[in-house]
Amino acid sequence: MKETPLSNCERRFLLRAIEEKKRLDGRQTYDYRNIRISFGTDYGCCMVELGKTRVLGQVSCELVSPKLNRATEGILFFNLELSQMAAPAFEPGRQSDLLVKLNRLLERCLRNSKCIDTESLCVVAGEKVWQIRVDLHLLNHDGNIIDAASIAAIVALCHFRRPDVSVQGDEITLYTPEERDPVPLSIHHMPICVSFAFFQQGTYLLVDPNEREERVMDGLLVIAMNKHREICTIQSSGGIMLLKDQVLRCSKIAGVKVAEITELILKALENDQKVRKEGGKFGFAESIANQRITAFKMEKAPIDTSDVEEKAEEIIAEAEPPSEVVSTPVLWTPGTAQIGEGVENSWGDLEDSEKEDDEGGGDEAIILDSIKMDTGVEVSDIGSQEMVFHHVGQAGLELLTSDAPIILSDSEEEEMIILEPDKNPKKIRTQTTSAKQEKAPSKKPVKRRKKKRAAN
């Protein structure tokens, strides 16, 4: 996956900010980002954070045969890996030009500078020597990989302990950490790389460029130096022409930065060694700040509760007395109530269509009750006496007792339903109820029409 290129607006914005001696993260021109060093549970495992750039270093060792031309020297091997976890632009399983350049620069900085005594790694001359392997994994990429990688490599080497060995004749005995204490490596000095980014053909200079600043820079100068101000290696890339005064100024700045970083490394190593001797907790998990996930949690503060009652009485005495008016509940509909002033409660208010249905149903119930009271005959007693209900105009119903069939009608405009009498009254009851159910959907518009006529 190719990296997303910067737009012209972003490029002009970055260059304009550099001309005004401003940086996106608020640093000054010669400022480094915050460096944080943490150690794992095993010796030789460390993590270095340079701002948001994060590198994990791990040192391992094994007994191997030495090189033919250097029979009394151990072997140092450095390997830097750029995975897609750090940035999606890095392709797995393929060595890019950037990766080759970084690996070569690390070897020149650490191995060619003779910072480690390789002769002390020899066990038996010409037969067995220690091979020290430094694996560096880039976990997150935010610019200036070489500086973070060099710091992680030298810190891991200083923190590493190899097993102790003894030679008796042709026998080589390798001791575990429980049997004998591991032996640290013999390190002469600590070379650290410092990167300088140049813009507009060397007119402007920045220390420790981040990822966006690296995209718009014209050239890069890397100086590897130790705290004794000895230059271990120097490399310029980008095709820009630098003056002698510019290189000298960069070397002076690098000397100051290397001294600060070396002091920070020594302090971190001393603290870790102190914690391990005291038997305290150590490792990556312990180095994470407590309550980092719950950032909004407040620390508990002591509260004096001795005179709480007195203060409460003072507050009550100073406060205004409550109003004597007690609100009475207002019952709008069954199951609802309102206390005090406020917006009227709309619960229980029926809609217009529901009101019409209730009114219509009430009228029919009243008419049927009146019919029963006048005649004294139940509606269900159809088998004993035949009844005819008929609308008399629009005012009510007319009850007829005769041998004629039962006629049910809602209005004069609708079709009349004639039900033939039968011997079995139960069947007649079911037929009449089903007819009522069939007629039920057509009652609503008829009732509305009746009301409109009555209003007219």
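Scanning region 1-41 for residues that are open to solvent by 80 Å² or more (accessible area, probe 1.4 Å), β-branched (V, I, T) and within 26 Å of the chain's Cα centre (by Cα) yields a total of 1.
For the structure I just gave you, tell me whether C122 is in contact with a Ser or Thr (Cβ under 6 Å, 6 or more places away or on another chain), open to solvent by less than 10 Å² (accessible area, probe 1.4 Å) and not basic (K, R). Don't jump to the end; show me each part of the working.
Numbers: in contact with a Ser or Thr (Cβ under 6 Å, 6 or more places away or on another chain): yes; open to solvent by less than 10 Å² (accessible area, probe 1.4 Å): no; not basic (K, R): yes.
Answer is no for this residue.
Of all residues in region 179-194, those satisfying the criterion of being of a type outside the set (A, V, I, L, M, F, W, C) and in contact (Cβ under 8 Å) with a residue 40 or more places away in the chain are P182, S186, H188, H189, P191.
Screening V167 with (1) more than 18 Å from N79 (Cβ to Cβ); (2) among the β-branched types (V, I, T); (3) within 43 Å of the chain's Cα centre (by Cα) gives one miss only, at (3).
Could you tell me whether region 104-118 includes any residue that is more than 13 Å from L76 (Cβ to Cβ), open to solvent by less than 40 Å² (accessible area, probe 1.4 Å) and not hydroxyl-bearing (S, T, Y)? The answer is yes, given that some residue of region 104-118 is more than 13 Å from L76 (Cβ to Cβ), open to solvent by less than 40 Å² (accessible area, probe 1.4 Å) and not hydroxyl-bearing (S, T, Y).
Taken together, M217, M241 contain a single residue that is under 29 Å from F13 (Cβ atoms), among the aliphatic types (A, V, I, L, M) and touching a residue at least 24 places away in the same chain (Cβ under 8 Å), which is M241.
Residue-by-condition table, conditions (1) small (G, A, S); (2) under 21 Å from E62 (Cα atoms); (3) assigned to a strand (DSSP E or B):
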site	(1), (2), (3)
R104	no, no, no
E119	no, yes, no
L136	no, yes, yes
L139	no, no, yes
I151	no, no, no
A156	yes, yes, no
T176	no, yes, no
D181	no, yes, no
A197	yes, no, yes
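Taken over region 44-55, the criterion of being open to solvent by 40 Å² or more (accessible area, probe 1.4 Å) and either touching a Gly at 6+ places or on another chain (Cβ under 9 Å) or modelled with pLDDT under 90 (or both) is satisfied by K52 alone.
Filter region 64-98 for residues that are assigned to a strand (DSSP E or B) and either open to solvent by less than 30 Å² (accessible area, probe 1.4 Å) or out of contact with any His (no Cβ under 6 Å at 6 or more places or on another chain) (or both); which is farthest from R54 (Cα to Cα)? Walk me through it before giving the result.
Of region 64-98, the ones assigned to a strand (DSSP E or B) are 64, 75-82.
This time we only want the ones that are either open to solvent by less than 30 Å² (accessible area, probe 1.4 Å) or out of contact with any His (no Cβ under 6 Å at 6 or more places or on another chain) (or both), so: 64, 75-80, 82.
Values: V64: 32, I75: 27, L76: 23, F77: 21, F78: 18, N79: 16, L80: 13, L82: 11 Å.
Here the answer is V64.
Here N144 meets the list (1) touching a helix residue (DSSP H, G or I) at 6+ places or on another chain (Cβ under 6 Å); (2) on the phi > 0 side of the Ramachandran plot; (3) not small (G, A, S) almost entirely, failing just condition (1). Selection of first residues in region 256-277 that are in a helix (DSSP H, G or I) and of second residues that are open to solvent by 70 Å² or more (accessible area, probe 1.4 Å) and modelled with pLDDT under 95, restricted to Cβ pairs under 7 Å at least 6 apart or on distinct chains, gives the following pairs, ordered by first then second residue: V258/K227; A259/K227; T262/K227; D272/F282; V275/F282; R276/F282.
Listed here are the residues, each with its yes/no results for (1) among the small types (G, A, S); (2) under 20 Å from Y43 (Cβ atoms); (3) modelled with pLDDT of 90 or more; (4) open to solvent by less than 20 Å² (accessible area, probe 1.4 Å).
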| site | (1), (2), (3), (4) |
| --- | --- |
| P191 | no, no, yes, yes |
| L205 | no, no, yes, yes |
| V222 | no, no, yes, yes |
| Q235 | no, no, yes, no |
| L242 | no, no, no, no |
| K267 | no, yes, yes, no |
| E270 | no, yes, yes, no |
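The values are calculated or read from the model by the stated rules, or taken from the named source; none is laboratory data. All values reported here derive from a predicted model rather than from experimental measurement. Note that we place each Cβ from the backbone using ideal geometry, even for glycine, and neighbour counts take in every protein chain shown. Side chains are part of the model used for accessible areas, which takes the heavy atoms of the whole protein and leaves out ligands, DNA and RNA. Shrake-Rupley method; radii C 1.70, N 1.55, O 1.52, S 1.80 Å.
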